[in-house]
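Asks: Below are the structure tokens for one structure; questions will follow.
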Amino acid sequence: MSQHTAEETTDQVADRDRDRYTFGDTPVAADRLALLAATYEPSSARVLRMCASLAPRRAIDLGCGPGHSTRLLHAVVAPAATLGIDASPEHVARARASAPPGIAYAVHDVTVAPLPGEAPPDLLYCRFLLTHLRDPARVLRRWAAAAADRASMVIEETAEMSSSHPAFCLYYRLVGALQRHYGQELAIGRALDGALVGSGWNVEIGEVRELSLPARRMALLHRLNLATWRHDPYARATFAPAQLDELAAALDAIASGADAAADVRHSMRQLVLMKQPGV
């Protein structure tokens, strides 16, 4: 990491003080999300199957991106209707382009209530979303207030990611610093217990699922992400370009198989919540 600092402008301070999705909505970002969806689909489908017996009528995918998680939610749980929402018009346009019957999408800030839809949802789902929010506890309360009575919610967030390879270690260190600058937490899964206190949700099922993910696939995922977030104002002011170039080359080498690396260990916090009566 470079030692130089930059004096923040008023606009930079404003950016830091609001929820900021640093991973982008460009075509490259969309490609990364497609690879991410394929990588995590088995573990996500497993936890979603736990909710199929609830027979929800209206499901909502919070922070749906280009729609991969929305389609998975709809296919596994089989609600009558599923709505995906995201603040990015670009991602929502991509999702709408391949929407099957029963799924709709809307451009909407997930932190703003009420949520869109003809009626309150009785199943809410989010994966790798709370990690991008400055105040997850506040947003969880808002979602509880916006949900139907006796609604359930499924959350999947990172508790820890680790690897013995220096390139992965550096990547996680830099991403963690970037997110902390914006008041976010990469390993938000470790802090969800505190965020749930007074949220209006009860934990019905809570576990940390240990995933072993192929190094080549994870290197490609991270390389695609690095291509986006390296242009973030904080990243440009804080991380040396030569360091990011070296990191990109190291990730490329792992992704191509030119450099061997052990699987990445991902501790995934998976929660099934039920809305408290009277909320």
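Values in this text are rule-based calculations from the coordinates and carry no lab data. All values derive from a computational prediction rather than experimental measurement. Here the Cβ is made from the backbone with ideal geometry for all residues, glycine too, and neighbour counts use every protein chain on show.
Asks: Measuring from label point to label point, each 7 Å out along Cα→Cβ, what is the residue 149 to residue 52 span in nm?
Replies: About 2.9 nm, to one decimal.
Asks: Pop out the ³J(HN,Hα) list for the range 122-136 in order, Karplus 6.51 cos²θ - 1.76 cosθ + 1.60 with θ = phi - 60°, rounded to Hz; leave Gly and Pro as x.
Replies: 10, 9, 10, 9, 8, 10, 6, 10, 4, 4, 9, 10, 5, 9, x
Asks: Could you sort the peptides 231-243, 73-85, 33-45 by per-residue average Cβ neighbour count (10 Å cutoff), highest mean leading?
Replies: Descending mean neighbour count gives 73-85, 33-45, 231-243.
Asks: If packing is taken as the average count of other Cβ atoms within 10 Å, what order do 170-183, 252-265 fall into, highest mean first?
Replies: 170-183, 252-265
Asks: Here's another thing I want to ask about it. Assuming 0.36 nm per residue, please report the length gained on full extension of the stretch residue 45 to residue 193 beyond their Cα-Cα distance.
Replies: Full extension from residue 45 to residue 193 adds 51.0 nm.
Asks: Let me ask something else about it. Using Cα pairs closer than 8 Å and at least 6 residues apart in sequence, work out the relative contact order for the range 46-138, in percent.
Replies: 32 percent
Asks: Calculate, for residue 173 and residue 31, the FRET efficiency according to 1/(1 + (r/R0)^6) with r their C-beta to C-beta distance and R0 25 Å; round to the nearest 0.05.
Replies: Calculated transfer efficiency: 0.55.
Asks: Residue 159: net charge of surrounding residues, Cβ under 13 Å, Lys/Arg +1, Asp/Glu -1, itself excluded?
Replies: Net local charge, residue 159 excluded: -3.
Asks: If you take the charge dipole of the chain about its Cα centre, with +1 on Lys and Arg Cβ and -1 on Asp and Glu Cβ, which of 178, 257, 85 is farthest toward its positive end?
Replies: With unit charges placed on the Cβ atoms, the residue in question is 85.
Asks: Still on this structure, please answer the following. With a Förster radius of 30 Å, plug the Cβ-Cβ distance of residue 231 and residue 93 into 1/(1 + (r/R0)^6) and report the FRET value to the nearest 0.05.
Replies: So, using R0 = 30 Å, E works out to roughly 0.85.
Asks: If I model a spin label at residue 202 and residue 119 as a point 7 Å from the Cα along the Cα→Cβ vector, what separation in nanometres do I get?
Replies: 2.3 nm
Asks: For the range 76-90, in order, what is each residue's ³J(HN,Hα) by Karplus, 6.51 cos²θ - 1.76 cosθ + 1.60 with θ = phi - 60°, in whole Hz (x at glycine and Pro)?
Replies: For the range 76-90, the Karplus curve yields 7, 8, 6, x, 5, 8, 10, 10, x, 10, 7, 6, 8, x, 5 Hz.
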